[in-house]
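Note sheet for the following structure.
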Amino acid sequence: MQYISTRGGMPPKSFSEILLSGLSPDGGLAMPAAYPKITAAQLEVWRSLSYPALAFEILSRFIDDIPADDLRNLINQTYTAEAFGNADITPLKTLEPGLHILGLSNGPTLAFKDIAMQLLGNLFQYQLDKTGDELNILGATSGDTGSSAEYAMRGKHGIRVFMLSPQGKMSRFQTAQMFSLQDKNIFNIAIRGVFDDCQDIVKAVSNDHAFKQAHRIGTVNSINWARIVAQVVYYFKGYFAATKNNDEQVSFAVPSGNFGNICAGHVARMMGLPIKHLILATNENDVLDEFFRTGVYRPRTTTETQHTSSPSMDISKASNFERFIFDLTGRNAEQVAELWSAVDKGNAFDLSTTPLFAAIKDYGFVSGNSNHAARIATIRDIYQRYHVLIDTHTADGLKVGQAHQESGVPLICLETALPAKFSESIAEAVGREPERPAGFENLENLPQRYVVKDVDAQAIKDYIEEQCKLSA
């Protein structure tokens with residue numbers, strides 16, 4: 001399997017060559033040169049596999065430069081009942097016939113990001129052990145990526161994590177989960193801005209190729225292909241759990257801000273998984289919903305980005321969206337580079353009058369948005385009807401998903417996080433705070449360790465350089 005860039009400026013590379021690198025040298029994103037196609041016979045065999053066995057079958061088709069036994073061991077080491085609280089890893093909760101929630105939030109930080117990030121941590125360590133190199137991970141988080149990355153990388157030798165987050169824009173639980181870590185290889189940086197500012201800094205540093213090479217900068221954001229491919233697995237697992245045979249189709253409702261989670265669903269569908277619709281749900285920051293409804297992709301400015309009660313989706317420039325547009329254009333890298341030259345300047349692009357807009361339906365995408373009142377009402381409704389508590393992002397997914405639900409097509413909503421991470425909104429919806437898993441009772445009262453910085457890529461580079469010298 002070879003990987004190419006969405007913008008056409010990178011020679012084909014192996015999985016291991018792109019694993020640690022994040023953005024491609026031309027500013028694009030790594031994509032497989034072709035999607036592996038899954039036959040009906042293979043789907044039938046896969047239906048009965050455990051999560052680790054299924055993960056090996058899928059991942060080995062994208063990762064062919066790591067010996068099979070080593071890859072299998074890494075997967076088995078990652079997906080354990082001890083780490084995820086359940087041997088199924090991603091158990092399906094059935095609310096009623098045809099309506100399901102795929103449980104993705106049983107990992108160490110109570111969010112779906114753990115499923116990919118725990119594997120990423122083990123892949124990074126494996127690769128660095130082979131080369132003897134060090135890695136400085138630079139990431140941006142709107143809520144859950146940061147803690148998932150830090151818990152996956154904490155204590156790992158040869159790895160430092162520099163995580164940017166928007167100051168005061170995450171829930172108190174999310175903030176404390178990150179800032180309370182005292183591991184010497186973890187560096188939390190609160191940015192005086194919004195998530196998109198953090199993401200822009202990561203991209204600016206990654207595009208400084210001399211600095212990136214000199215300081216071994218890698219990324220754990222969903223621009224890292226390994227994150228996407230690891231998430232493909234649970235689409236297959238969810239499909240098998242919600243159906244009796246492979247003649248059935250399902251639809252997935254996916255809360256999405258950065259287009260990473262639903263991009264994995266797109267990959268699964270391209271591989272041949274019988275997905276009828278990928279239902280994209282946004283919050284008030286509806287740049288992706290606007291595109292799928294109108295054909296106009298119009299990233300918002302910092303001042304236009306709203307701070308909401310589903311903060312992990314407070315994103316107005318969706319990094320992984322470029323991967324879908326690459327496929328939508330028939331993998332026309334020149335056209336993608338042209339479109340993103342406008343985006344990178346803060347401008348919009350409009351496909352509404354082109355054949356590409358009509359072609360979106362061929363990829364199964366539909367969309368909708370939610371707001372605070374709707375998500376609170378959805379949390380309350382799901383709790384009253386099914387005695388199940390959901391978090392604010394999952395509520396956005398269910399609200400939009402149910403609006404597009406079709407008779408005879410099972411709807412699977414992807415769970416985003418446990419409700420404990422958003423206790424204020426849960427209390428508003430149902431009149432009580434959600435229970436916390438053991439070990440998280442006094443999280444917000446723990447000592448916190450972080451620095452505050454302005455929106456300034458050079459300041460972040462200086463900080464990374466300073467910390468690398470101090471810990472050398």
I need the full set of residues from region 1-17 which are among the hydrophobic types (A, V, I, L, M, F, W, C) and either touching a Leu at 6+ places or on another chain (Cβ under 8 Å) or not in a strand (DSSP E or B) (or both), in order please. Met1, Met10, Phe15
Name the pairs whose Cβ atoms lie under 6 Å apart, with the first residue in region 388-412 and within 17 Å of Ile262 (Cβ to Cβ), the second outside any helix (DSSP H, G or I) and of a type in the set (Asp, Glu), and 6 or more positions between them or separate chains? Thr394/Glu415
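Can you pull out every residue in region 18-42 that is part of a loop (DSSP other than H, G, I, E, B), without any contact (Cβ under 8 Å) to a residue 40 or more places away in the chain and loosely packed, with under 15 Cβ neighbours inside 10 Å? Outline the logic, then answer.
So in region 18-42, the residues part of a loop (DSSP other than H, G, I, E, B) come out as 20-29, 33-39.
Pick out the ones that are also without any contact (Cβ under 8 Å) to a residue 40 or more places away in the chain and you get 24, 33-34.
Ala33, Ala34, listed by residue number.
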Selection count where residues are surrounded by 18 or more Cβ atoms within 10 Å (Cβ to Cβ) and farther than 11 Å from Ala190 by Cα, scope region 157-173: 5
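Being without any contact (Cβ under 8 Å) to a residue 12 or more places away in the chain, surrounded by fewer than 22 Cβ atoms within 10 Å (Cβ to Cβ), over 17 Å from the mean Cα position of the chain (by Cα) and more than 24 Å from Lys113 (Cβ to Cβ) narrows it down to one of Ala342, Ala359, Ala333, Ala348, so name that one. Write out each step before concluding.
Values: Ala359 fails: without any contact (Cβ under 8 Å) to a residue 12 or more places away in the chain; Ala333 fails: without any contact (Cβ under 8 Å) to a residue 12 or more places away in the chain; Ala348 fails: without any contact (Cβ under 8 Å) to a residue 12 or more places away in the chain.
Residue meeting the stated conditions: Ala342.
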Restricting the first residue to region 432-461 and requiring it to be of a type in the set (Phe, Trp, Tyr), which pairs with a second residue that is surrounded by 15 or more Cβ atoms within 10 Å (Cβ to Cβ) meet a Cβ separation below 6 Å and a spacing of at least six or different chains? Tyr450/Phe179; Tyr450/Asn188; Tyr450/Ala190
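Rundown of residues vs (1) closer than 25 Å to Val161 by Cα; (2) polar (S, T, N, Q); (3) loosely packed, with under 13 Cβ neighbours inside 10 Å, yes/no style:
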site	(1), (2), (3)
Gly368	no, no, no
Tyr383	no, no, no
Gln402	no, yes, no
Arg436	no, no, no
Asp462	yes, no, yes
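A quick yes/no check of all residues on (1) closer than 28 Å to Glu17 by Cα; (2) among the hydroxyl-bearing types (Ser, Thr, Tyr); (3) modelled with pLDDT of 95 or more; (4) crowded, with 23+ Cβ neighbours inside 10 Å:
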position: Ile186; (1), (2), (3), (4): yes, no, yes, yes
position: Lys212; (1), (2), (3), (4): yes, no, no, no
position: Gln249; (1), (2), (3), (4): no, no, yes, no
position: Phe252; (1), (2), (3), (4): no, no, yes, yes
position: Pro255; (1), (2), (3), (4): no, no, yes, yes
position: Met271; (1), (2), (3), (4): yes, no, yes, no
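Output yes when any residue across region 313-321 is within 19 Å of Phe252 (Cβ to Cβ) and not in a helix (DSSP H, G or I), and no when none is.
Start the filter on region 313-321 by keeping residues that are within 19 Å of Phe252 (Cβ to Cβ), which leaves 313, 318, 320-321.
Retained after the next criterion (residues that are not in a helix (DSSP H, G or I)): 318, 320.
Within region 313-321, one or more residues are within 19 Å of Phe252 (Cβ to Cβ) and not in a helix (DSSP H, G or I).
Considering only region 320-329, I want to know if a residue exists there that is more than 20 Å from the chain's Cα centre (by Cα) and not hydroxyl-bearing (Ser, Thr, Tyr). Spell out the reasoning first.
Here is the first cut: in region 320-329, the ones more than 20 Å from the chain's Cα centre (by Cα) are 328-329.
Add one more test, that the residue is not hydroxyl-bearing (Ser, Thr, Tyr), and what stays is 328.
There is at least one residue in region 320-329 that is more than 20 Å from the chain's Cα centre (by Cα) and not hydroxyl-bearing (Ser, Thr, Tyr).
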Looking only at region 59-70, count every residue that is in a helix (DSSP H, G or I) and over 18 Å from Asn224 (Cα atoms) and tell me the total. 3
State which residue is nearest to Lys184 (Cα to Cα) when the search covers only region 429-464 and only residues that are hydrophobic (A, V, I, L, M, F, W, C), modelled with pLDDT under 95 and within 25 Å of the chain's Cα centre (by Cα). Leu443
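The values are calculated or read from the model by the stated rules, or taken from the named source; none is laboratory data. Just so you know, these numbers come straight off a predicted model, no measurement behind them. Quick reminder, even Gly has a Cβ in these numbers, built from the backbone with ideal geometry, and neighbours come from all protein chains shown.
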